[in-house]
1. Modelled with pLDDT of 95 or more, crowded, with 16+ Cβ neighbours inside 10 Å, more than 9 Å from the ligand (Cβ to nearest atom) and basic (Lys, Arg): does that describe Arg96?
2. Within the stretch 167-221, track down each residue that is in a helix (DSSP H, G or I) and within 30 Å of Asp109 (Cβ to Cβ).
3. Would a scan of the stretch 246-262 turn up a residue that is in a helix (DSSP H, G or I) and among the polar types (S, T, N, Q)?
4. Which number in (1) open to solvent by 10 Å² or more (accessible area, probe 1.4 Å); (2) in a helix (DSSP H, G or I); (3) under 30 Å from Val226 (Cβ atoms) marks the one condition that Phe112 misses?
5. Go through (1) out of contact with any helix residue (DSSP H, G or I) (no Cβ under 7 Å at 6 or more places or on another chain); (2) open to solvent by 40 Å² or more (accessible area, probe 1.4 Å); (3) not aromatic (Phe, Trp, Tyr) and name the single condition Ala262 misses.
6. Quick check on the stretch 1-18: of everything there that is more than 14 Å from the ligand (Cβ to nearest atom) and aliphatic (A, V, I, L, M), which residue is surrounded by the most Cβ atoms within 10 Å (Cβ to Cβ)?
7. Pick out the one residue from Thr62, Thr49 that is β-branched (Val, Ile, Thr), over 22 Å from Ala299 (Cβ atoms) and away from the ligand (no atom under 16 Å from the Cβ).
8. Going through the stretch 313-332 one residue at a time, which ones are assigned to a helix (DSSP H, G or I) and surrounded by fewer than 21 Cβ atoms within 10 Å (Cβ to Cβ)?
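The values are calculated or read from the model by the stated rules, or taken from the named source; none is laboratory data. Bear in mind the structure is a predicted one, so any value in this text is a computation, not a measurement. Methodologically, a virtual Cβ is constructed for each residue, glycine included, from the backbone with ideal geometry; neighbour enumeration extends over all protein chains shown. The accessibility values were calculated without ligands, DNA or RNA, using every heavy atom of the protein model including side chains. Shrake-Rupley method; radii C 1.70, N 1.55, O 1.52, S 1.80 Å.
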Amino acid sequence: MKKIGVLTSGGDSPGMNAAVMAIAKFASRYGMPLVGIKRGYNGLLRKSTSIYDDMEELHLDTVLDIADRPGTYLRTARCMEFMDPAWREVAANTLRAMEIEGLVVIGGDGSFHGAEHLCKLGIHCIGIPGTIDNDLPYTEMTLGYDTAVNVCVNSVRAIRATSRSHDRPAVVEVMGRHCGDIALTTAVSTGSEIVLVPEVPWRVEDVANRLNQQIAKGNTRATIIVAEGCWESMEPFDMFTFLNSHGKKCYEGEPISAMRFASIMKRMCNNAEVRATVLGYTQRGAEPTARDSAFAYEAGHLAVRLLRDGISNQVIGMKEGKVYYRSIDEALQAKREFNRPLYDLVNHL
Ligand code: ADP
């Protein structure tokens, strides 16, 4: 009887609990005891005064109740010590001492790097892609992405209703520091007129120009969807001089934000009342959609089966609509391709 562990690491994402439930279900079916490790890799470093703070034996009864909930029951956290080989040795020793032979790591690419290191220390690891950003190119979906996009779509629909009532354009910032997928899918799903992403450089003046053209065509409620990382791909713009010379106080060195961007658009678009909303954590706190929950179920099952069969160093993903696995190394090397044609389609006037 193999004992296995599970942890959630990196940013939380809807569906993490559903995956833990599925893992518990199949571990129980295959007669494999399951231990939940708390707060990502931290729970393996035995820094807490009580072991109950670091890990918990997971029974199916407990996790059945959490399957639909957002967030992660096991908690999640960064664990900077894991960059250090000596601390990773401590983690492997903890697992050996507890006779935990295999570990399921639910997280993003950083967490997968950690899992790859543990594999080299003889611990069997399987990764499940848990991140709302959809920034793992080896898989067609990551756990939480569909839920996050649905939250964004509902929010943008609500914002667009008010935008229409008041004839006001809107700026809506969604998550995605390095990946514009949430922004692009949200824009496409809501008929938003402009989308800005970290992958494609853009100029403030061009966006204002496009917004002005929308207004001139009679569309007074155009929506600009911006990914949180799009400020990095913005061509240099002197916000300090522009805003201060247009009657809006701005501090030297102040970073641009959705609010500031809306102020700039207003002043470049004949004082149109451009309003900004930052959706923030709401995107991570929703109950998982059926699509995410179903992926969590199949991924959880496959992870347990692989560990039962002694297969290690793999991550689970979706390819051509089917759940599959491939080596962590190959998965981490896969190159991401941003859907530029779709981006151009949205931004075309
Ligand atoms: P994500 O898994 O969502 O990409 P992070 O990049 O924050 O999130 O990584 C989560 C955790 O994974 C880190 O806090 C650290 O414990 C571990 N990790 C990240 N990168 C590495 C690495 N190169 N080597 C070992 N562990 C890593």
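1. Details: modelled with pLDDT of 95 or more: yes; crowded, with 16+ Cβ neighbours inside 10 Å: no; more than 9 Å from the ligand (Cβ to nearest atom): yes; basic (Lys, Arg): yes.
For Arg96, the condition - modelled with pLDDT of 95 or more, crowded, with 16+ Cβ neighbours inside 10 Å, more than 9 Å from the ligand (Cβ to nearest atom) and basic (Lys, Arg) - is not met.
2. Going residue by residue through the stretch 167-221, those that are in a helix (DSSP H, G or I) are 181-190, 204-216.
The answer is Asp181, Ile182, Ala183, Leu184, Thr185, Thr186, Ala187, Val188, Ser189, Thr190.
3. Let us first name the residues in the stretch 246-262 that are in a helix (DSSP H, G or I), namely 258-262.
Checking the rest, the ones that are also among the polar types (S, T, N, Q) come to none.
There is no residue in the stretch 246-262 that is in a helix (DSSP H, G or I) and among the polar types (S, T, N, Q).
4. That leaves (1) as the condition not met.
5. (2)
6. Ranking the candidates gives Val6 first.
7. Working: Thr62 fails: over 22 Å from Ala299 (Cβ atoms).
Unique residue meeting the criteria: Thr49.
8. From the stretch 313-332, those assigned to a helix (DSSP H, G or I) are 328-332; that's our starting set.
Selection gives Asp329, Glu330, Leu332.
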